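Below is one structure; the comments refer to it alone.
The values are calculated or read from the model by the stated rules, or taken from the named source; none is laboratory data. Nothing here was measured: the structure is a model prediction, and the numbers come from that model. Every residue, glycine among them, receives a Cβ derived from its backbone with ideal geometry; neighbour counts consider all protein chains shown.
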Amino acid sequence: MDKQLFDDAIGEVPPSTVDVDAVITRGRRADRVRRVVNPAVAAGVAVVLLTGAIAYTLTNGDEGDGVRVGQTTTSTTSPAPTTSPEGPLPEACSRTDLETAGEVAARLTPLVQAKVQAVRPDIQITVDPGVQYSPGVEHGPLEFIQVNYRGTADDTPICQRGSSFTASASTEGPEGKGAVFVEVLAADSDDPGDCTEELVFCEKTTGPNGDRILKTTTVQDGATMTQVDIIRLDGTYVIVGSNSPISDAPPLDHNQLVEIGTDPGMTLFP
């Protein structure tokens, strides 16, 4: 049977309803939660997202913000949207005096290190042994680096879609061992997210400077995690989270996370 006869037999193949960008975005958001709860998974980000995208294509379904891997049953949920959820990047991204990736990382690292110690002077911050973005390269506690979930090279423009600046550290204090995670990127929405049923606590607020803030608490794999997602008025998206795998009291509460994330220096556009 030649191709024409085959096409006539099966009819026109409908266009795919899978938005790969949306899948990766959801997978990345879910991975961010896993990295704070269990930082050891960070090294497998690209593989997880790619595998998840393939599995999602095969099952043609959507389960919240996560990517389903290895499931082949038919989903009863609605298919993924055919348009990308990404909105326009901040107006500040068009500035001609933006910092380089190296400059952003060098500016944010001492700022966050000082802020974390200021809000919790009684905890010890050490290298997060589970996070390794470059083979053989160990990063210091709360040392920012640029990562790119779309596979682009390091030191890309700071407003590049898929690029973000991340930092993490292990912590130890009266409540036990834990972790802190920070991510900074250019926002493509003015909405920090929604309250969903799997969250133990969720609250959307607006800060005194107009920052849009989502406060959440999640319990996953026995670990309690507090997190804030902040959309700043200048177009910077800041995520700050903390967790403790052995305690229901993570090292940083929501107010402390907000204090860190809303510091004037926590921006891509100083």
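Please determine whether any residue of segment 105-127 is part of a loop (DSSP other than H, G, I, E, B), under 22 Å from ASN148 (Cα atoms), at pLDDT 65 or above and in the same structural domain as SER168 (by TED's automatic domain parsing). Before you say what the answer is, go through the steps one by one.
Step one: filter segment 105-127 for residues part of a loop (DSSP other than H, G, I, E, B), giving 120-123, 127.
Now narrow it down to the ones that are under 22 Å from ASN148 (Cα atoms): 127.
Add one more test, that the residue is at pLDDT 65 or above, and what stays is 127.
Still in the list and also in the same structural domain as SER168 (by TED's automatic domain parsing): 127.
Yes; the residues of segment 105-127 include at least one that is part of a loop (DSSP other than H, G, I, E, B), under 22 Å from ASN148 (Cα atoms), at pLDDT 65 or above and in the same structural domain as SER168 (by TED's automatic domain parsing).
For segment 176-187, a residue qualifies if it is among the charged types (D, E, K, R) and modelled with pLDDT of 95 or more, and exactly one does: GLU183. For segment 213-260, residues that are in contact (Cβ under 8 Å) with a residue 40 or more places away in the chain, surrounded by fewer than 20 Cβ atoms within 10 Å (Cβ to Cβ) and not small (Gly, Ala, Ser) total 6.
With respect to the stated conditions, ALA249 fails to be in a strand (DSSP E or B) and either more than 24 Å from GLU86 (Cα to Cα) or not hydroxyl-bearing (Ser, Thr, Tyr) (or both). From the list THR206, THR171, THR196, THR166, the lone residue that is under 16 Å from the mean Cα position of the chain (by Cα), of a type in the set (Val, Ile, Thr) and in the same structural domain as ILE123 (by TED's automatic domain parsing) is THR166.
Would you mind finding the one in SER242, SER247, SER163 that is touching a Gly at 6+ places or on another chain (Cβ under 7 Å) and at pLDDT below 95?
Details: SER242 fails: at pLDDT below 95; SER163 fails: touching a Gly at 6+ places or on another chain (Cβ under 7 Å).
Checking each option against the conditions leaves just SER247.
Looking only at residues of segment 225-261 that are within 17 Å of the chain's Cα centre (by Cα) and hydroxyl-bearing (Ser, Thr, Tyr), we find that the one that is nearest to LEU142 (Cα to Cα) is SER242.
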